[in-house]
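Undergrad: The structure is given below, and queries will be raised subsequently.
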Amino acid sequence: MPEPSPHAATLHARDVVYDLIPKLKTTERLVDSTLQGRITRCADADEKARLQELKVEFELEISMIRMNLEHLMRRYSRQLEEAVQDGASRQGAKLTLDAHEAVAIESARTLYRRAQTLALAT
C-alpha cells in the first residue's frame, strides 16, 4: 500500500463511530420526516417543487456519503470495531482518508448543519 501524503486528511476511529455515523442517521431522519412533512403541508406549488428538489439533493448527497463511508468502514473495519469496544472515551486509531472519503466526511458535516438549520426553520 502506498504511503499516505503528509497532508492527507485523517480522522479518529471514535469520530466515525460516535460522531459521524450518528449525525448521518440524524440527517437522514430529518430529511425523511421534517422535509417530507413540509412538502406534504405545502400549498404553494413553486415552494413544494423547491422542497422536493431539496429533498432529492439531500438524498443524493447522503447516498454519496454512505458509499464512501462504507468504503472507509471496509478498509478500517478492525480499527472501527476496536473503537466500538473501547467506547467513546478513547480516540482510537487515526484513519487516513482517501480523497473521496475526505470529501464525503466534509459533505456529511455540511449536510448535517444544513439539516439542522432546516429543522429549526419549521
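Undergrad: Filtering region 1-55 down to residues that are hydroxyl-bearing (Ser, Thr, Tyr) and not in a helix (DSSP H, G or I), which residue is modelled with the lowest pLDDT? Lay out the reasoning, then the answer.
TA: From region 1-55, those hydroxyl-bearing (Ser, Thr, Tyr) are 5, 10, 18, 26-27, 33-34, 40; that's our starting set.
With not in a helix (DSSP H, G or I) added as a condition, the list becomes 5, 10.
Values: Ser5: 47, Thr10: 94.
My answer is Ser5.
Undergrad: Looking at Gln79, Gln91, which one is assigned to a helix (DSSP H, G or I) and in contact (Cβ under 8 Å) with a residue 12 or more places away in the chain?
TA: Details: Gln91 fails: assigned to a helix (DSSP H, G or I).
One residue alone meets the criteria, Gln79.
Undergrad: Before we move on, is Leu72 assigned to a helix (DSSP H, G or I), under 19 Å from Arg114 (Cβ atoms) and not β-branched (Val, Ile, Thr)?
TA: Values: assigned to a helix (DSSP H, G or I): yes; under 19 Å from Arg114 (Cβ atoms): no; not β-branched (Val, Ile, Thr): yes.
When the stated conditions are applied, Leu72 does not pass them.
Undergrad: Moving on to the next point. Are there any pairs with C-beta distances below 7 angstrom linking a residue in region 6-26 that is over 21 Å from Glu61 (Cα atoms) and among the basic types (Lys, Arg) to a residue that is at pLDDT below 95 and surrounded by 14 or more Cβ atoms within 10 Å (Cβ to Cβ), with the two at least 6 apart or on different chains, and if so which?
TA: Matching pairs, first to second residue: Arg14/Ala83; Arg14/Gly92.
Undergrad: Would you confirm, using the coordinates I've provided, whether Tyr112 is aromatic (Phe, Trp, Tyr) and closer than 20 Å to Thr26 by Cβ? Break it down stepwise before answering.
TA: On the way: aromatic (Phe, Trp, Tyr): yes; closer than 20 Å to Thr26 by Cβ: yes.
Yes, satisfied.
The values are calculated or read from the model by the stated rules, or taken from the named source; none is laboratory data. Not measured: the values here are computed from a predicted model. FYI the Cβ positions are ideal-geometry reconstructions off the backbone, even for glycines, and counts take in every protein chain you see.
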